[in-house]
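Notes for the one structure printed next.
The values are calculated or read from the model by the stated rules, or taken from the named source; none is laboratory data. Just so you know, these numbers come straight off a predicted model, no measurement behind them. Every residue, glycine as well, gets a Cβ built from its backbone with ideal geometry; the counts of neighbours run over all protein chains shown.
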Amino acid sequence: MTDYRVIGLMSGSSLDGLDIAYCRFSLEGNSWNFEILSTEVIPYPNEWIQEFLQLTKANAKDFWNTHIRLGHYFGEQANDFIGRNHLQQKVDLVASHGHTVFHFPDQGFTAQIGDGAAIATKANLPVVCDFRSSDIALGGQGTPIVPIGDLLLFKDYRFCLNIGGISNISGKNEKRIVAFDICPANQVLNLLANKLGKEYDADGDLAASGKLNTELLERLNIIPYYQQNFPKSLDNSFSRDVVWPLIEDFNTGTADKLRTYTEHIAVQVAAHLQQILSAEKITLADGDKMLLTGGGAFNKFLVSRIAALCKVEVVVPAEQIVKFKEALVIALMGVLRRRNEWNVLCSVTGASRDSVGGAVYVPQP
């Protein structure tokens, strides 16, 4: 096959909902083309959010029960999406990232819940999921995995930056692509906005109204993770156990904390961009651009600070790509898995070799 129609499911660490993207991929020679045909975000009911937040402390039985129930929920949402968009008999497969609960590659494990067999049963379609485990078994970080899309779908960009719950970046030289997590982003910004009665900091206006606390900024910037060389990745617990206590320790206004943490994200993006340039011996040329996606791309103040500190043109694409790039790439990874082609890159993760990641489930007759 050279033409595929796939539903990608993505559940991010910001807990804002399940991203669903119906995508078409076509292979022409050695080049992949794509269209995002239909999309939707299904907000999580509060009971799911509370369950996610408590799951790291659950016993094994409750953890596995949630894994199975979430798979049924994902499958039901995919099936309903198909019905609403009249896609019956028009979908080749579903690719699901799952929802990350644990990510400890240095200890040899990662956990993205949402049972693939349950999704396949509810959606009545083949399902590809569990994209990280093979890379972890090969000694890799298991993430970021989206850079395969940066390489195959977004060739015109030297760098791709995603600002979601956690920010991550990829960069290409003439021979390979590298990528890694930078720092917590919307996870922290949203928590601070919640303290002011807001779901999130729309356009970064709250941060823009605050004052920069240089002492807090310095404390944040010397967190040891930031000095580590890549490949490297972050677990969701990093913001809760490392970053948040630092912020809470400062007796300053919430708007000032938002201003300072926004600056922290921009500083770390610029620093890690420079790390890629130095390590990969990349000399910036005219026309080199950085694609910026994820929820943070709508934070105008944050984008302005990143653009001011980075020595490269920052491009915010069409809203559909901003919102659904991760679901798009998960869909592509599902296609590559069904073709038995590499979809997780060792240059990104530090694994011993590239891998064909993903478990395949088929609906039972």
Given the conditions (1) more than 23 Å from residue 121 (Cα to Cα); (2) part of a helix (DSSP H, G or I); (3) not basic (Lys, Arg), and given that residue 352 satisfies all but one, which numbered condition is not satisfied?
(2)
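Restrict the check to region 211-221 and report whether at least one residue is of a type in the set (A, V, I, L, M, F, W, C), part of a helix (DSSP H, G or I) and touching a Lys or Arg at 6+ places or on another chain (Cβ under 8 Å).
First pass over region 211-221, keeping only residues of a type in the set (A, V, I, L, M, F, W, C): 212, 216-217, 220.
So of that shortlist, the ones also part of a helix (DSSP H, G or I) come out as 216-217, 220.
Subsequent filtering for residues that are touching a Lys or Arg at 6+ places or on another chain (Cβ under 8 Å) retains 216.
There is at least one residue in region 211-221 that is of a type in the set (A, V, I, L, M, F, W, C), part of a helix (DSSP H, G or I) and touching a Lys or Arg at 6+ places or on another chain (Cβ under 8 Å).
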State which residue is surrounded by the most Cβ atoms within 10 Å (Cβ to Cβ) when the search covers only region 266-293 and only residues that are in contact with a Leu (Cβ under 8 Å, 6 or more places away or on another chain) and small (Gly, Ala, Ser).
266
Working only within region 132-185, note down all residues that are among the hydrophobic types (A, V, I, L, M, F, W, C) and either touching a Cys at 6+ places or on another chain (Cβ under 6 Å) or assigned to a loop (DSSP other than H, G, I, E, B) (or both).
138, 145, 146, 153, 154, 185
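Taking the condition within 19 Å of residue 268 (Cβ to Cβ), free of Cβ contacts under 8 Å to residues at least 40 places away in the same chain and not aliphatic (A, V, I, L, M), does residue 199 pass? Break it down into steps so the answer makes sense when it comes.
Values: within 19 Å of residue 268 (Cβ to Cβ): no; free of Cβ contacts under 8 Å to residues at least 40 places away in the same chain: yes; not aliphatic (A, V, I, L, M): yes.
The answer is no for residue 199.
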Region 204-243, subset in contact with a helix residue (DSSP H, G or I) (Cβ under 7 Å, 6 or more places away or on another chain) and of a type in the set (Val, Ile, Thr), residue farthest from residue 179 (Cα to Cα):
243
Every listed condition ((1) touching a strand residue (DSSP E or B) at 6+ places or on another chain (Cβ under 8 Å); (2) surrounded by fewer than 18 Cβ atoms within 10 Å (Cβ to Cβ); (3) assigned to a helix (DSSP H, G or I); (4) not acidic (Asp, Glu)) holds for residue 317 save (3)
Please go through region 23-54 and pick out each residue that is free of Cβ contacts under 8 Å to residues at least 60 places away in the same chain, within 19 Å of residue 94 (Cβ to Cβ) and in contact with a Gly (Cβ under 7 Å, 6 or more places away or on another chain).
42, 44
Based on what the data block shows, is residue 223 surrounded by fewer than 17 Cβ atoms within 10 Å (Cβ to Cβ), in contact (Cβ under 8 Å) with a residue 12 or more places away in the chain and within 30 Å of residue 280 (Cβ to Cβ)?
yes
Anything in region 130-154 that is outside the structural domain of residue 352 (by TED's automatic domain parsing) and of a type in the set (Lys, Arg)? List them, or say none.
none
Of residues in region 274-291 being touching a residue at least 60 places away in the same chain (Cβ under 8 Å), over 18 Å from the mean Cα position of the chain (by Cα) and not in a loop (DSSP other than H, G, I, E, B), the one farthest from residue 239 (Cα to Cα)
289
Determine if region 295-313 includes at least one residue that is under 19 Å from the mean Cα position of the chain (by Cα), over 26 Å from residue 194 (Cα atoms) and not charged (D, E, K, R).
no
